[in-house]
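Step one of this worksheet: look at the structure below.
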Amino acid sequence: MALVGGAVRDGLLGIASNTSPDLDLAIEGADLQALATATGLPFTFHAAFGNATVTLPDNRTVDLIRTRRETYPVAGGNPVPEPGTLTEDLQRRDFGLNALALVLEPGGELHLLDVVGGLPDIQARVLRPLHSGSFHEDASRLVRAARLAARLDLAAHPDLLAQVPDALKMAEQTPRLWAELRLLLAEPRPGRAARMLETWGAGQLPPPASLPLLDALDAEKEQGVAVNFQTYAAALLHVAPNPADLAARLNLGEKPAALLARALSDTPYPDGSPERILRRLLRPDAYTPLTGRDVVALGVPAGQQIGAALAYLAGLRAAGQVQSAEDERAALRQYVRNLPPS
Ligand SMILES: Nc1ccn([C@@H]2O[C@H](COP(=O)(O)OP(=O)(O)OP(=O)(O)O)[C@@H](O)[C@H]2O)c(=O)n1
Ligand SMILES: [Mg+2]
């Protein structure tokens, strides 16, 4: 049994594992459904690969992985697994620094297994694919590389850069690439990850016009503003040539499009809300229209007249006759003067 993947990588890079809370355990020749059942914890079993994901009481997950070889009958599609040794399992992986294993011997002792020359990659902080067909077979690795490079301050090895055109060629027919692009939006700095892709010659994978927006959201985050996944996704949709198509590809659901519509509306939202964060970026000249309370303060009598006054303002706004809250106040003062005496 061996600990593999992100936890080993992050440990060797000296990064606290809270950036990668999920553990991957590779196990040779065992029935992982039986093993997961024996833990007494809730789990899901992935029959195609013989893997099981166990959920710990604190909600972290442990992936139990049956060690395997992989072949790609159709490039871009899912690999076909065959049972294999731990060594073979490490060799099928994406990058040198993700292919290290901390082996737990039956006697309890631990040792680090490096069958792909991953340790020098850790030292050089470099992302290196394990063979020259890596991105052709699985183009999603390009986006994984950008996510990791942005998160962990890693550089691209020349072997990676050489394969960028292969990944771009295969992008359309690699559903997993779009799933990784969705994950990119959940990274700590999605704008930085998108810029990595751009630097590597793959700036077209996210809609290119989105890069300044993603940068701006990263900058907000840097300032301590809470910018969530939905906000990044909405920004991406705003500039996508075909938003519905992109939302479907990235499996974004309805929420980001709905958030975008609210951000672009005139409805007031509290400071610091996703709607306001986006509105400030997408419509820098937008202002907060007057509300019922403002209207009462300006002398419109409570009751039905408030709705009528707000509708009057909405009409002016739609006609482009007011451009600021001050314009609205001025228009409303006029409106109040012209009200019939009650
Ligand atoms: N297309 C992929 C996806 C995953 N892996 C391997 O599976 C491991 C676990 O994958 P995942 O949990 O997605 O990524 P981590 O590297 O663990 O990074 P993190 O969880 O921190 O994002 C990776 O390290 C890598 O060895 C791979 O080789 N090719
Ligand atoms: Mg992981």
- request: Only Lys, Arg, Asp and Glu count, each charged at its Cβ (+1, +1, -1, -1), so figure out the dipole size of the chain about its Cα centre, rounded to 20 debye.
  value: 1220 debye
message: Between 210, 324, 134, where does the largest GNM mean-square fluctuation fall for the chain, given springs only between Cα atoms within less than 10 Å?
response: 324
message: Can you bin every Cα-Cα distance in region 207-286 into 5 Å intervals starting at zero and give me the percent of pairs per bin, rounded to whole numbers?
response: 3, 16, 29, 26, 18, 7, 1
- prompt: Can you give the Rg and Dmax of region 292-337 based on its C-alpha atoms, in angstrom?
  reply: 9.7, 27
- line: Longest principal axis of the chain (C-alpha) makes with the long axis of helix 140-152 (C-alpha) an angle, in degrees to the nearest 10, of 80 degrees
- line: Between residue 266 and residue 60, Cβ-based FRET efficiency (R0 51 Å, step 0.05) works out to 0.75
query: Points 7 angstrom from Cα along the Cβ direction at residue 228 and residue 280: gap in nanometres?
result: 1.8 nm
message: What does the extension gain come out to for residue 258 and residue 287, with contour length at 0.36 nm per residue minus their alpha carbon separation?
response: 8.4 nm
message: Using Cα-Cα distances under 8 Å and only pairs 6 or more residues apart, what relative contact order does region 174-321 have, in percent?
response: 17 percent
message: With 10 angstrom as the radius, rank 229, 95 by how many other C-beta atoms surround their C-beta, starting from the fewest.
response: 229, 95
- request: For region 17-120, just run the numbers: alpha carbon Rg, then divide by 2.2 N^0.38 Å, N being how many residues it has.
  value: 1.12
message: Sequence gap at least 6, Cα distance under 8 Å: using those rules, report the relative contact order of the chain to the nearest whole percent.
response: 9 percent
task: Go ahead and set up a Gaussian network model of the chain, Cα springs under 10 Å, then flag whichever of 248, 257, 308 fluctuates most.
output: 308
message: I want to verify a result. In a Gaussian network model of the chain, Cα cutoff 10 Å, which of these has the top mean-square fluctuation: 282, 313, 127?
response: 313
query: Considering the dipole of the chain built from charges on the beta carbon (Lys and Arg +1, Asp and Glu -1) around the Cα centre, which of 270, 213, 259 is farthest to its positive end?
result: 270
- prompt: Among all stretches of the chain without exposed trypsin sites (Lys or Arg not before Pro) (DSSP loop, at most 14 other Cβ atoms within 10 Å), which one is longest?
  reply: 126-342
- prompt: Rg/Rh for the chain: what does it come to with C-alpha atoms and Rh from Kirkwood?
  reply: 1.13
- line: Fewest-first ordering of 277, 122, 306 by Cβ atoms within 10 Å yields 306, 122, 277
field: Euclidean distance of C-alpha centroids, region 69-143 and region 161-227, integer Å
entry: 23 Å
message: Report the gain in length on full extension from residue 333 to residue 311: 0.36 nm times residue separation, minus Cα-Cα distance, nm rounded to one decimal.
response: 6.4 nm
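Every read-out reported here was derived from the displayed coordinates using simple, explicitly stated rules and does not represent laboratory data. None of the values given here were measured: they were computed from a predicted structure. For neighbour counting, all protein chains shown are included, and Cβ atoms are generated from backbone atoms with ideal geometry for every residue, glycine included.
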